[in-house]
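Participant: Just dropping this structure here.
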Amino acid sequence: MKKIAIIGLGYVGLPLAVEFGKKYSVIGFDINANRVAELNAGHDHTLETEDEDLQAVLNQGGKIGLKLTTDIEDIRDAQIYIVTVPTPIDKYKRPDLLPLITASETVGKVISKGDIVIYESTVYPGATEEDCLPVVEKFSGLKFNVDFFAGYSPERINPGDKVNTLTTIKKITSGSTPEIAEEIDILYNTILLNGTHKATSMKVAEAAKVIENAQRDLNISFVNELALIFDLMGIDTNEVIDAAATKWNFLKYRPGLVGGHCISVDPYYLSFKAEALGYFPAVITSGRRVNDHMAHFVADKVVKLMIKKGLTILGSKVLLLGVTFKENCPDIRNTKTVDIVGELQEFGCQVDIYDPWASQAEVKHEYDIQTLEKNVDIYANKYDAIILAVSHDQFAELDLDRLTNGNKSVIFDIKGYLPKDKVDARL
C-alpha cells in the first residue's frame with residue numbers, strides 16, 4: 001500500500017487527509033506551525049472537518065492513519081504527493097502562483113523515482129505541466145513522465161456545505177499517462193461514494209474546474225446587473241426573479257456580493273491565460289467588473305437612503321451584519337463585505353461589524369479591520385443604518401427595532417433574507 005503526503009492543510013487538504021487517513025498511511029504537511037499544532041490537538045477551526053473525525057485518524061500508528069507535520073523530511077518516504085495549496089490573485093488581479101511554486105519545490109526536494117504528484121489547486125489550463133512540473137524536475141533532478149509522474153484532480157470543496165462534501169461529490173481525475181490516470185482514478189475511488197469522471201488529459205481537468213466557477217460568476221453578474229438596472233426603475237429584483245422562476249428552465253440566481261476563494265478568483269486565471277495567448281475575453285472580464293462593483297453600489301445606495309431620511313452622514317453609525325464571504329461558515333477569504341466598510345468609511349461613517357462566525361483575530365490580520373466581539377451585547381447601541389451582508393442563521397433572530405432609531409434608520413438587505421416589511425431596500 002502506497003504512502004500519501006498531503007501538502008497544504010486548509011479547507012481542501014485537511015478533509016482529503018482525513019478521508020485518505022481512514023484507509024492509508026497519510027502524512028499531512030503544512031508550513032504553518034500554528035495550524036499543525038491546532039490540528040494535532042484535534043481541532044479544525046475552519047469547521048470543514050468534524051473534530052471527532054480528525055481525532056479518530058490522528059497518529060493511529062500501523063499501516064493507516066494520519067500524521068501531521070511541518071518537517072519536510074517526514075514526507076520523504078511517500079510515494080504519492082497531493083498538493084492542495086491556495087491559488088490566489090495579487091492586488092492587480094493576476095494569478096499568484098507563489099504558493100503553488102513553493103509547494104512544487106517542496107515536492108521536488110523529496111520525490112523519488114516512480115512517485116506521483118497530484119495537483120488539486122485551481123489553475124488555468126496548462127499550469128500543471130508548464131509552471132509546476134518543471135519546478136519539480138529542477139529540484140529533484142528527475143525527468144517528468146520518465147522518472148516521476150503527475151495527475152490533476154481539481155478540488156470541489158464548498159465551505160460550510162455539509163451535503164456536497166468530499167466523499168459525496170463526483171470528482172474529476174486525470175493523469176500524465178493513461179496508466180497513471182487509471183491509477184489515480186482508482187486511488188480516489190477508494191474514498192468516494194459517487195465515483196469519478198476520468199478526464200482525457202490534465203489540461204481538460206484544469207479547464208473543467210476553472211469554468212465551473214467562471215460560469216457561476218457570470219450567472220451572478222447577470223442578476224447583479226439586473227439589480228442595478230431595476231434599481232433605476234424602482235423594481236424589486238427579487239420579486240422579478242421569483243416571477244421569472246415560474247418558468248421551468250429559468251436559473252434562479254440571486255444578486256449579491258461575490259467573494260470567496262473560487263468564484264471571485266478563478267475567472268481571472270482563465271482570462272490571464274487567454275490574454276497570454278492573444279485573446280481578450282470580453283464576457284468573462286465584463287462579468288467580473290459588474291460583480292466587483294457591487295460593494296460600491298451598496299454603500300452608495302445606503303448613503304442615499306440615509307440622506308433621504310435627513311440623516312447626517314459624517315459620523316453616522318452603521319452596523320454591518322456579517323463579514324464572511326458566505327453564510328454559516330467562518331471563511332473570510334476574499335470577502336467583499338470589507339469593500340463596503342471601506343466605501344462607508346470614505347463617506348465618514350463609523351462602521352461596526354458583527355459576525356458570530358468569523359474569527360476576530362483573523363479578520364484583523366487579513367484586512368486590518370476590527371470587528372465586534374462575538375459575545376458583545378449587540379443591542380447596546382442604536383444605529384443610523386444596518387446592512388445585512390451575510391445571511392447567517394443567527395441574524396434571523398435579531399430584533400431590528402432594538403438596533404435602530406425607528407423609522408429614522410435605514411435597513412438594507414443585500415441577501416433578501418429579512419422580512420421585506422422590515423427593510424428599506426434590498427439588492
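The values are calculated or read from the model by the stated rules, or taken from the named source; none is laboratory data. Here the structure is a predicted model, which is why all the values come from computation and not from measurement. Neighbour counts are summed over all protein chains in view; Cβ atoms, including those assigned to glycine, are modelled from backbone coordinates with ideal geometry. Only protein heavy atoms, including side chains, enter the accessible area calculation; ligands, DNA and RNA are left aside. Shrake-Rupley method; radii C 1.70, N 1.55, O 1.52, S 1.80 Å.
Participant: Taking a probe of 1.4 angstrom, what is the accessible area of Asp424 in Å², to the nearest 10?
Facilitator: Accessible area of Asp424: about 70 Å².
Participant: Given the Cα-Cα distance of Asp421 and Arg76 and 0.36 nm per residue of separation, how much length would full extension add, in nm? Working shown, then result.
Facilitator: On the way: separation 345, 0.36 × 345 = 124.20 nm, distance 6.15 nm.
Here the segment from Asp421 to Arg76 would lengthen by 118.0 nm.
Participant: In the chain, with Lys and Arg counted as +1 and Asp and Glu as -1 at Cβ, which of these residues, Pro159, Val318, Ile241, has the Cα nearest the positive end of the dipole, that is, farthest along it?
Facilitator: Ile241
Participant: After finding the eigenvalues of the alpha carbon gyration tensor for the stretch 11-64, what semi-axes result from the square roots of 5 times each, listed largest first in whole Å? Kindly include the intermediate steps, with their values, before the conclusion.
Facilitator: Details: eigenvalues 55, 28, 22 Å².
Taking √(5λ) for each Cα gyration eigenvalue gives 17, 12, 11 Å.
Participant: Over what distance in Å are the Cα centres of the stretch 133-177 and the stretch 219-250 separated?
Facilitator: That distance is 38 Å.
Participant: Report the residues of the stretch 276-310 in range of a label on Lys93: point 7 Å along Cα→C-beta, backbone N strictly under 20 Å from it.
Facilitator: Residues 276-300 qualify, since their backbone N sits under 20 Å from the label point.
Participant: In sequence order, what are the phi-derived ³J(HN,Hα) couplings for the stretch 151-163 according to the Karplus relation 6.51 cos²θ - 1.76 cosθ + 1.60 with θ = phi - 60°, rounded to whole Hz, with x for glycine and proline?
Facilitator: x, 9, 9, x, 5, 9, 6, 10, x, x, 7, 9, 9
Participant: Over the Cα atoms of the chain, what Rg and Dmax result, in angstrom?
Facilitator: Looking at the chain, its Cα Rg and Dmax stand at 23.5, 73 Å.
Participant: Could I ask something else about it? Just from the alpha-carbon atoms, what are the Rg and Dmax of the stretch 17-145 in angstroms?
Facilitator: 15.5, 48
Participant: ³J(HN,Hα) across the stretch 337-346 via Karplus (A = 6.51, B = -1.76, C = 1.60, θ = phi - 60°), whole Hz, x for Gly/Pro?
Facilitator: Residue by residue, the stretch 337-346 yields 5, 5, 5, 5, 4, x, 4, 5, 5, 5 Hz.
Participant: At q = 0.17 Å⁻¹, work out log10 I(q)/I(0) for the stretch 108-167 with the Debye formula, treating every Cα as an identical point scatterer and leaving solvent out; two decimals please.
Facilitator: The calculated log intensity ratios at q = 0.17 Å⁻¹ are -0.62.
Participant: Follow-up. For the chain, what is the calculated [θ] at 222 nm in deg cm²/dmol (nearest 500), taking -39500 (n - 2.57) for each run of four or more DSSP H residues and dividing by its residue count? It would help to have the intermediate numbers written out before the result.
Facilitator: Numbers: 13 runs with 157 residues, N = 427.
The helix-only estimate for the chain comes to -11500 deg cm²/dmol at 222 nm.
Participant: Gap in Å between the Cα centre of the stretch 307-345 and the Cα centre of the stretch 252-306?
Facilitator: Answer, in whole Å: 18.
Participant: In addition: Can you list residues whose amide H is under 5 Å from Val410's amide H, if they're 5+ apart or on another chain and H is modeled 1.01 Å from N?
Facilitator: Residues meeting the criterion, in which the H sits 1.01 Å from N, are Ala385, Ile386.
Participant: So which of Lys63/Lys170; Lys109/Lys336; Lys308/Lys336; Lys113/Lys171; Lys23/Lys209 end up more than 29 Å apart by C-alpha?
Facilitator: Working: Lys63/Lys170 27 Å; Lys109/Lys336 38 Å; Lys308/Lys336 26 Å; Lys113/Lys171 27 Å; Lys23/Lys209 27 Å.
Over 29 Å apart, Cα to Cα: Lys109/Lys336.
Participant: Using a probe of 1.4 angstrom, how much of the accessible area of the stretch 192-265 is carbon and sulfur, in percent? Mind showing how you got there, number by number?
Facilitator: Values: 2270 of 3780 Å².
Within the stretch 192-265, the accessible surface is 60 percent carbon and sulfur.
Participant: For the stretch 42-79 and the stretch 180-204, what is the centre-to-centre distance using only Cα atoms, to the nearest Å?
Facilitator: 23 Å
Participant: When all alpha-carbon pairs of the stretch 287-354 are counted, what percent fall beyond 18 Å? Provide the component values of the computation, followed by the final result.
Facilitator: Details: 911 of 2278 pairs.
Within the stretch 287-354, distances greater than 18 Å cover 40 percent of Cα pairs.
Participant: In a GNM of the chain with a 10 Å cut-off on Cα contacts, which of Glu155, Glu38, Glu225 has the highest mean-square fluctuation?
Facilitator: Of Glu155, Glu38, Glu225, the most mobile in the Gaussian network model is Glu38.
Participant: Continuing with the same structure: Multiply the residue separation of Ala380 and Glu130 by 0.36 nm, subtract the distance between their alpha-carbon atoms, and state the gained length in nm to one decimal. Let's see the in-between values first.
Facilitator: On the way: separation 250, 0.36 × 250 = 90.00 nm, distance 5.63 nm.
Working it through step by step, the gained length comes to 84.4 nm.
Participant: Moving on to the next point. Might you report the magnitude of the Cβ-based charge dipole of the chain about its Cα centre, with Lys and Arg at +1 and Asp and Glu at -1, to the nearest 20 debye?
Facilitator: Values: 46 positive and 61 negative charges, 146 e Å.
Result for the chain is approximately 700 debye, rounded to the nearest 20.
Participant: How would you order 403-413, 193-203, 326-336 from highest to lowest mean count of nearby Cβ atoms within 10 Å?
Facilitator: Details: 403-413: 17.8, 193-203: 16.1, 326-336: 20.2.
Result, highest mean Cβ count within 10 Å first: 326-336, 403-413, 193-203.
Participant: In addition: Straight-line reach only, C-alpha to C-alpha below 13 angstrom: list the aspartates and glutamates that Lys317 could link to, leaving out same-chain residues fewer than 8 apart.
Facilitator: Hits, sequence-local ones excluded: Asp352, Asp384.
Participant: Go ahead and run the numbers for FRET between Lys408 and Phe139, Cβ-Cβ distance against an R0 of 60 Å, rounding to 0.05.
Facilitator: Working: r = 64 Å, r/R0 = 1.07.
E between Lys408 and Phe139, to the nearest 0.05, is 0.40.
Participant: Follow-up. Can you compute the FRET efficiency between Arg254 and Glu182 using 1/(1 + (r/R0)^6), with r the Cβ-Cβ distance and R0 = 51 Å? Round to the nearest 0.05. Before the final figure, lay out the partial values.
Facilitator: Working: r = 41 Å, r/R0 = 0.81.
Computed FRET efficiency for Arg254 and Glu182: 0.80.
Participant: Before I look further, what does the stretch 238-389 give for accessible area per residue, probe 1.4 Å, in whole square angstrom?
Facilitator: Details: 7100 Å² over 152 residues.
Result: 47 Å² per residue.
Participant: In a solvent-free Debye calculation with one equal scatterer on each Cα, what is log10 I(q)/I(0) for the stretch 162-315 at q = 0.14, 0.15 Å⁻¹, listed in the order of the q values?
Facilitator: Scattering profile of the stretch 162-315, log10 relative to I(0): -0.90, -0.97.
Participant: Among Gly348, Gly175, Gly28, which one moves the most in a GNM of the chain with springs linking Cα atoms closer than 10 Å?
Facilitator: Most flexible of the set in this elastic network: Gly348.
Participant: Could you give the C-alpha radius of gyration of the stretch 79-148 expressed as a fraction of 2.2 N^0.38 Å, taking N as the number of residues it contains? Mind dumping the intermediate values first?
Facilitator: On the way: Rg = 12.1 Å, N = 70, 2.2 N^0.38 = 11.1 Å.
Against the empirical 2.2 N^0.38 Å value, I get 1.09 for the stretch 79-148.
Participant: Would you work out the Kirkwood radius for the stretch 294-427? I mean one over the mean of 1/r across all pairs of different Cα atoms, in Å. Show your work: numbers first, answer last.
Facilitator: Details: mean 1/r = 0.0683 Å⁻¹.
After inverting the pairwise mean of 1/r, the radius is 14.6 Å.
Participant: Can you tell me how much longer the chain between Lys309 and Leu228 gets when fully stretched, taken as 0.36 nm per residue apart minus their C-alpha distance, in nm with one decimal?
Facilitator: My answer for the length gained is 27.0 nm.
Participant: About its Cα centre, what dipole magnitude does the stretch 1-134 give when the only charges are +1 on Lys and Arg Cβ and -1 on Asp and Glu Cβ, stated in debye to the nearest 20? It would help to have the intermediate numbers written out before the result.
Facilitator: Values: 13 positive and 21 negative charges, 74 e Å.
Dipole size: approximately 360 debye.
Participant: Pull out a ≥ b ≥ c, the square roots of the eigenvalues of the alpha-carbon gyration tensor of the stretch 348-398, then state rounded if a/c is under 1.5, prolate if not and a/b is larger than b/c, and oblate in the remaining case. Provide the component values of the computation, followed by the final result.
Facilitator: On the way: a/c = 1.61, a/b = 1.19, b/c = 1.36.
Here the stretch 348-398 falls in the oblate category.
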